[in-house]
Amino acid sequence: MGKLGISIYPERSTFAQDKAYLDLAHQYGFKRVFTSLLEINGDKDEVLAGFKKPVDYANSLGMEVMVDINPGLFEQLGVSYDDLSFFNDMGAAGVRLDLGFTGAEEAKMTRNPYGIKVEINMSQGTDYVDNIMSYSPNPDNLLGSHNFYPMRYSGLALDHFIYCTKKFNRYNLNTMAFVNSHDATFGPWPYSNGLASLELHRDLSIETQVKHMKLLGGINDITIGNAYASEAELKAMSKAFFAAEPAIKIVPGNAITDNERIVLFESEHSYRGDRSEYILRSTMTRVWHKDKDFPSHDTRDIKRGDILIGNEGFGQYKGETQIALKDMPNDGQINVVGHIAEAELFLLDYIKPWSGFTFESVEE
């Protein structure tokens, strides 16, 4: 099972606020902490002391801290890629290289005596990881993580995200991507309009972002890029991440019956494997609920994303649950009992045959 993460930015906050946030995230099963040491202005020792305090506290909760750093800072701190004792003394579990070296240095860093992880940028789409792998790194200490993007429209395109992720999956390396909190107000830089890896995630709820990441596959860990997410967001993210199956948000129709609610919300659903391009079928509900009544109602023509249940006139298909993948006519044997919430309609493209799912009732 992968890990959930949060981000803290000690230079832009207080220890008391970071501590409270770490406590809250820990309560909901978060194990990773991302923080950023991209520049040091002012007294070096003072800045580092301010960093060490929340890092130590996170460690006391059993969380692991990754510190984002660029090669320029190595020089400023007097740190060499072949001596990572500085990060060990800081209490960091690993370093994330905002910009890389040539490949040989990264490989050497993974063979450090402290077991410090080296996390590299997954978002470039180059042969960077192949190059590092050619220098025989310790793969247990080599991780990948996508960037996050504070500027609207600058986040990764989905096809590029998948392309880059597959490069890392080829080597079975641990991968991470960022999602965006809507209650958080800041990141490491002055300007921030959310902090997601994927542009299409920027305006989605945090649990929908997580469901999409899980359905996509290829990403082990998911971290909130900005600070501070609300407790409601941490709770929703944790629920979505640790759920055995995705819960698809649907808006029930006004005329939905009690029996139809039982079919939708008190049954396990499974996508029948011999798939159709028109409907996603969850056929077992017609077996489990064959003795229930399903009178005809709402038999309008069908739109993509509609939730359907076979009514009394549908013979052996009475009680079968379906999701419409395309628009189609309705000959009166199917009740339209709701529709997928607009923000989650795109998830239909990622539910795979034979996989399971549940429905979650939401208001329009």
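In table form, for the structure just shown:
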{"item": "Candidate set from segment 48-104 (those that are without any contact (Cβ under 8 Å) to a residue 12 or more places away in the chain and aliphatic (A, V, I, L, M)); member that is surrounded by the most Cβ atoms within 10 Å (Cβ to Cβ)", "result": "Val79"}
{"item": "One residue from Lys235, Lys249 being of a type in the set (D, E, K, R) and either assigned to a loop (DSSP other than H, G, I, E, B) or under 14 Å from the mean Cα position of the chain (by Cα) (or both)", "result": "Lys235"}
{"item": "Among (1) buried (at least 20 other Cβ atoms within 10 Å of the Cβ); (2) more than 26 Å from the chain's Cα centre (by Cα); (3) not acidic (Asp, Glu) - the single one Gly305 does not satisfy", "result": "(2)"}
{"item": "Restricting segment 111-125 to residues that are without any contact (Cβ under 8 Å) to a residue 60 or more places away in the chain and under 16 Å from Asp159 (Cβ atoms), the residue that is surrounded by the fewest Cβ atoms within 10 Å (Cβ to Cβ)", "result": "Gly125"}
{"item": "Those residues of segment 267-311 which are aromatic (Phe, Trp, Tyr) and in contact with a strand residue (DSSP E or B) (Cβ under 7 Å, 6 or more places away or on another chain), in sequence order", "result": "Tyr271, Tyr278, Phe294"}
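Let's see how each residue does on (1) surrounded by 15 or more Cβ atoms within 10 Å (Cβ to Cβ); (2) modelled with pLDDT under 95; (3) touching a Cys at 6+ places or on another chain (Cβ under 8 Å); (4) among the small types (Gly, Ala, Ser):
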{"residue": "His212", "(1), (2), (3), (4)": "yes, no, no, no"}
{"residue": "Gly225", "(1), (2), (3), (4)": "yes, no, no, yes"}
{"residue": "Ala232", "(1), (2), (3), (4)": "no, no, no, yes"}
{"residue": "Ala247", "(1), (2), (3), (4)": "yes, no, no, yes"}
{"residue": "Asp258", "(1), (2), (3), (4)": "no, no, no, no"}
{"residue": "Leu264", "(1), (2), (3), (4)": "yes, no, no, no"}
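Conditions (1) in a loop (DSSP other than H, G, I, E, B); (2) without any contact (Cβ under 8 Å) to a residue 40 or more places away in the chain; (3) under 22 Å from Asp274 (Cβ atoms), marked per residue:
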site	(1), (2), (3)
Phe294	yes, no, no
His297	yes, no, no
Asn330	yes, yes, no
Phe357	no, no, yes
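Yes/no per residue for (1) at pLDDT below 95; (2) closer than 27 Å to Glu207 by Cα:
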| residue | (1), (2) |
| --- | --- |
| Ile279 | no, yes |
| Val287 | no, no |
| Lys292 | no, no |
| Asp298 | no, no |
| Gly305 | no, yes |
| Glu312 | no, no |
| Gln322 | no, yes |
| Leu348 | no, yes |
| Glu364 | yes, yes |
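The values are calculated or read from the model by the stated rules, or taken from the named source; none is laboratory data. Not measured: the values here are computed from a predicted model. A quick note on method: Cβ atoms are made from the backbone with ideal geometry, for glycine too, and the neighbour counts reach across all protein chains shown.
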